[in-house]
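Asks: There's a structure below that I have some questions on.
The values are calculated or read from the model by the stated rules, or taken from the named source; none is laboratory data. Only a predicted model underlies this, so the values are computations on that prediction, with no experimental measurement involved. Heads up, the Cβs are rebuilt from the backbone with ideal geometry, glycines too, and the neighbour counts pull from every protein chain shown. Side chains are part of the model used for accessible areas, which takes the heavy atoms of the whole protein and leaves out ligands, DNA and RNA. Shrake-Rupley method; radii C 1.70, N 1.55, O 1.52, S 1.80 Å.
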Amino acid sequence: MTVPERPVVTVTRRLPAPVESALAERFDVRLNRQDTPLEAAGLQEALATSDALLCTVSDRLGAEVLGVEPLRARLLANFGVGFEHINLDAARARGIAVTNTPGVLTEDTADLAVALMLMAMRRLGEGERDLRAGRWAGWHPMHHLGRRLSGRTLGIVGMGRIGRAVARRAVHGFGMRLLYASRTELPAGEAAALDAVHVELDRVFAESDVVSLHVPSSGETRHLVNARQLDLMPPHGILVNTSRGDVVDEGALVDALARGVIAGAGLDVYAEEPRVNPGLLALPNVVLLPHLGSATVESRIAMGMRALENLVAWSEGRELPDRVV
Ligand code: DGY
């Protein structure tokens, strides 16, 4: 298939200015200046009238949307590492390539996971909410006691790039002991440098003070954290999720937090974003962030530039650097 000399690329959401400018230099870009999420009809129109889409996690590119006729688009350059919002089988069947942006948001997402650990262990969200609501009557020794993070045991589920970046921070910054469950074990040198012990999933939950999730969303990982795993955790345990919401059974988590089965949670992702389970909203012992893992100027520019690299490679008929399909 030949790619037009100046392909039409629909950019589904507003991106940092340097990215939009770089895209416009190279392609006939259609920008979403209002930044309103495209519904199914808007996505289908883009698929029917553009050569490629630069899409994001807020675009639901399911089989029905990708079934549009006539189809013009040949590439979905996803702005983000996770691609569960794209039906890969349908993309493959329709001859649409899919790329993502791995590696460029690792450090920021790891930073946010550590921030959530601290927020949940030290009850910082509760403290801030109290102060803003005028409920702070001054310092006193028993006010708002949290728990120390340093020196605790961290359990990591999923030792990919982000899991490893979290592990480095936890071990070198907070002197934490490390257990992890992952399909692939760390290379011996790295495991030794982190003193990381590879264990079964259940042991991670049973023996960690904090469990941090770093697995992609898939049929296999859906509700990987459920009532059974939460029951294994110690009552002072904290769950942190910066991966994808559906990895956790949110109903079971609400129940565990409400009954004191675990002490708290720090969440950045939800099963039905942007809807947040009302049970979570009602609980004081959970920190709730609006999917901010990669939300830094640096990461968002790097993500855009990485998507651009994939678009350029595709337009030049080269191998796609971050091909998913
Ligand atoms: C990612 O890269 O997957 C982030 O969650 C934003 O989509």
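Asks: Taking chymotrypsin sites (Phe, Trp or Tyr not before Pro) that fall in a DSSP loop and have at most 15 other Cβ atoms within 10 Å as cut points, what is the longest piece of the chain between them? Each step should come with its number before you reach the end.
Replies: Details: sites that count: W136, W139.
By the stated rule (loop sites, at most 15 other Cβ atoms within 10 Å), 140-325.
Asks: As a check on your grasp of the helix formula, calculate [θ] at 222 nm for the chain: sum -39500 (n - 2.57) over DSSP H runs of n ≥ 4, divide by the residue count, round to the nearest 500. Please list the in-between numbers first.
Replies: Working: 13 runs with 115 residues, N = 325.
Value at 222 nm, helices only, nearest 500: -10000 deg cm²/dmol.
Asks: Using amide H atoms built in the peptide plane, which far-off residues or other-chain residues are under 5 Å from T153 H to H?
Replies: It is R177, D209, V210, by chain and number.
Asks: With contacts defined as alpha carbon pairs under 8 Å and 6 or more residues apart, what's the relative contact order of the stretch 106-288 in percent? Could you put the intermediate results ahead of the total?
Replies: Details: 341 pairs, mean separation 38.5, N = 183.
Rounded, it is 21 percent for the stretch 106-288.
Asks: Pop a pseudo-label 7 angstrom from the Cα along the beta-carbon direction at both E309 and T184 and give the gap in nm to one decimal.
Replies: 1.8
Asks: Given a 1.4 angstrom probe, what's the average accessible area per residue across the stretch 1-121, in square angstrom? The partial results should precede the final answer.
Replies: On the way: 5170 Å² over 121 residues.
Counting only protein heavy atoms, the per-residue value for the stretch 1-121 is 43 Å².
Asks: Which ³J(HN,Hα) values in Hz, rounded to whole numbers, follow from the phi angles of the stretch 262-270 under the Karplus curve 6.51 cos²θ - 1.76 cosθ + 1.60, where θ = phi - 60° and Gly and Pro get x?
Replies: Values, residue by residue: 10, 7, x, 8, x, 10, 10, 9, 9 Hz.
Asks: Apply the Karplus parameterisation 6.51 cos²θ - 1.76 cosθ + 1.60, with θ equal to phi minus 60°, to every residue of the stretch 42-48 and state each ³J(HN,Hα) to the nearest whole Hz, in sequence, with x for glycine and proline.
Replies: My calculation for the stretch 42-48 gives x, 5, 5, 4, 5, 5, 7 Hz in order.
Asks: Another question about this same structure. Within the stretch 108-193, report the GluC sites (Glu not before Pro) that DSSP leaves as loop and that have at most 15 other Cβ atoms within 10 Å.
Replies: E185
Asks: Separate question: Quote the relative contact order of the chain in percent (integer), defining contacts as alpha-carbon pairs under 8 Å separated by 6+ residues. Don't jump to the answer; show the numbers that get you there.
Replies: Values: 630 pairs, mean separation 59.2, N = 325.
So the answer I get is 18 percent.
Asks: Work out from phi, with θ = phi - 60° and the Karplus expression 6.51 cos²θ - 1.76 cosθ + 1.60, the ³J(HN,Hα) of each residue of the stretch 120-128, listed in order in whole Hz, and give x for Gly and Pro.
Replies: Calculated HN-Hα couplings, in order: 6, 5, 8, 6, 6, x, 4, x, 5 Hz.
Asks: Enumerate the amide H contacts of A97 below 5 Å, restricted to partners 5 or more residues apart or on another chain; note that Pro and chain-start residues carry no placed amide H.
Replies: L75, L76
Asks: In Å², and per residue, what accessible area does the stretch 251-325 have when probed at 1.4 Å with the other protein chains present?
Replies: Working: 3420 Å² over 75 residues.
That works out to 46 Å² per residue.
Asks: Test of understanding: given the chain, find the longest segment containing no trypsin sites (Lys or Arg not before Pro) that are in a DSSP loop and have at most 12 other Cβ atoms within 10 Å. Don't skip to the end; give the middle numbers.
Replies: On the way: sites that count: R33, R135, R148, R183, R259, R318.
By the stated rule (loop sites, at most 12 other Cβ atoms within 10 Å), 34-134.
Asks: Taking the Cβ-Cβ separation of S218 and W139 as r and a Förster radius of 51 Å, what is the calculated FRET efficiency to the nearest 0.05?
Replies: Numbers: r = 48 Å, r/R0 = 0.93.
Efficiency at R0 = 51 Å is approximately 0.60.
Asks: Next question. Give the calculated FRET efficiency between D195 and A227 to the nearest 0.05, with a Förster radius of 25 Å applied to their Cβ-Cβ distance.
Replies: Numbers: r = 31 Å, r/R0 = 1.24.
It comes to 0.20.
Asks: While we're here: Using only the Cα atoms of the chain, construct the convex hull and provide its projected area averaged over every direction, in square nanometres to one decimal. Walk me through the intermediate numbers first.
Replies: Details: hull surface 73.4 nm².
Result: 18.3 nm².
Asks: Give, as a single signed number, the net charge of other residues whose beta carbon lies under 12 Å from the beta carbon of A196, with Lys and Arg counted +1 and Asp and Glu -1. Don't jump to the answer; show the numbers that get you there.
Replies: On the way: positive: R164, R168, R177; negative: E185, E190, D195.
Result for the local shell: 0.
Asks: Using a 1.4 angstrom probe on heavy atoms only, work out the carbon and sulfur share of the accessible area of the stretch 136-253 in %.
Replies: On the way: 2990 of 5640 Å².
Carbon plus sulfur share of accessible area: 53 percent.
Asks: Would you mind computing, in nm to one decimal, how far apart the modelled labels at R30 and R275 are, each placed 7 Å from Cα along Cα→Cβ?
Replies: The answer from the label model is 2.9 nm.
Asks: Hey, another quick one. Name the residues whose placed amide hydrogens come within less than 5 Å of the amide hydrogen of V29, ignoring near sequence neighbours (fewer than 5 apart) on the same chain.
Replies: The list, which skips near neighbours in sequence, is V9.
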